1. Do you know which residues across the stretch 83-94 are free of Cβ contacts under 8 Å to residues at least 40 places away in the same chain and loosely packed, with under 14 Cβ neighbours inside 10 Å?
2. Going through the stretch 61-79 one residue at a time, which ones are more than 13 Å from the chain's Cα centre (by Cα) and surrounded by 10 or more Cβ atoms within 10 Å (Cβ to Cβ)?
3. Any residue in the stretch 53-64 that's among the polar types (S, T, N, Q): show its pairings with residues that are surrounded by fewer than 11 Cβ atoms within 10 Å (Cβ to Cβ) at Cβ separation under 8 Å, as long as the two are six or more apart or on different chains.
4. Looking only at the stretch 19-50, which residues are free of Cβ contacts under 8 Å to residues at least 60 places away in the same chain, more than 16 Å from the chain's Cα centre (by Cα) and either surrounded by 17 or more Cβ atoms within 10 Å (Cβ to Cβ) or part of a helix (DSSP H, G or I) (or both)?
5. Residues to consider are K83, K67; find the one that is basic (K, R) and farther than 17 Å from L5 by Cα.
6. Scan the stretch 48-71 residue by residue and report those that are over 22 Å from F96 (Cβ atoms) and not acidic (D, E).
7. Can you go through A84, A102 and tell me which one is assigned to a helix (DSSP H, G or I), closer than 19 Å to H41 by Cβ and among the small types (G, A, S)?
8. In the stretch 1-18, what residues are acidic (D, E) and assigned to a loop (DSSP other than H, G, I, E, B)?
Amino acid sequence: MLGRLNIRRDSGMALEYVEAMWRMLQQKRPDNYVVATGEEHSLQQFVAETFRQLGLDWRKHVVSDRKLFRPSDIDRSCGNASKARRKLGFKAKIGFQKIISALIQRD
């Protein structure tokens with residue numbers, strides 16, 4: 001059971017984000033950066049892709065329950081990492097499908 005399936009998030013790999021943090025620490029002066037993929041996907045897309053990689057139809061296993069909706073939940077969250085790309089040379093390389101594949105393999 002899940003809450004809202006239409007929420008959209010920018011999800012990346014911690015490994016890449018740690019690399020971005022390391023690059024920040026190499027700078028002569030501290031600054032603020034947004035570290036993100038710049039790509040957003042809905043929870044439904046995440047669930048559908050996960051189940052697809054497992055050879056299952058997500059609609060047979062997942063139910064959206066209004067009791068699990070969060071009143072304060074935001075609809076969309078997507079980062080703009082252009083400054084990190086410009087100043088640090090950071091760009092997320094691991095895509096949506098590979099992130100899910102890595103999560104599946106780890107479990």
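1. Initially, the stretch 83-94 is screened for residues free of Cβ contacts under 8 Å to residues at least 40 places away in the same chain, giving 85-86, 91.
Those that are free of Cβ contacts under 8 Å to residues at least 40 places away in the same chain and loosely packed, with under 14 Cβ neighbours inside 10 Å: R86, K91.
2. Pass one, the stretch 61-79, residues more than 13 Å from the chain's Cα centre (by Cα): 61-75.
Scanning the stretch 61-79 gives H61, V62, S64, D65, L68, F69, D73.
3. Matching pairs, first to second residue: S64/M1.
4. Within the stretch 19-50, M21, W22, L25, Y33 qualify.
5. Numbers: K67 fails: farther than 17 Å from L5 by Cα.
Within the list K83, K67, the selection yields K83.
6. Kept after step one, since they are over 22 Å from F96 (Cβ atoms), are these residues of the stretch 48-71: 60, 63, 65-71.
Residues satisfying the conditions are K60, V63, R66, K67, L68, F69, R70, P71.
7. Details: A84 fails: closer than 19 Å to H41 by Cβ.
None of the others qualify; the one that does is A102.
8. At the first step, the residues of the stretch 1-18 found to be acidic (D, E) are 10, 16.
Once the filter is applied, which keeps residues that are acidic (D, E) and assigned to a loop (DSSP other than H, G, I, E, B), the stretch 1-18 yields only D10.
The values are calculated or read from the model by the stated rules, or taken from the named source; none is laboratory data. Source: prediction; values computed, not measured. Don't worry about glycine lacking a Cβ; one is built from the backbone with ideal geometry, like all the others, and counts go over all protein chains shown.
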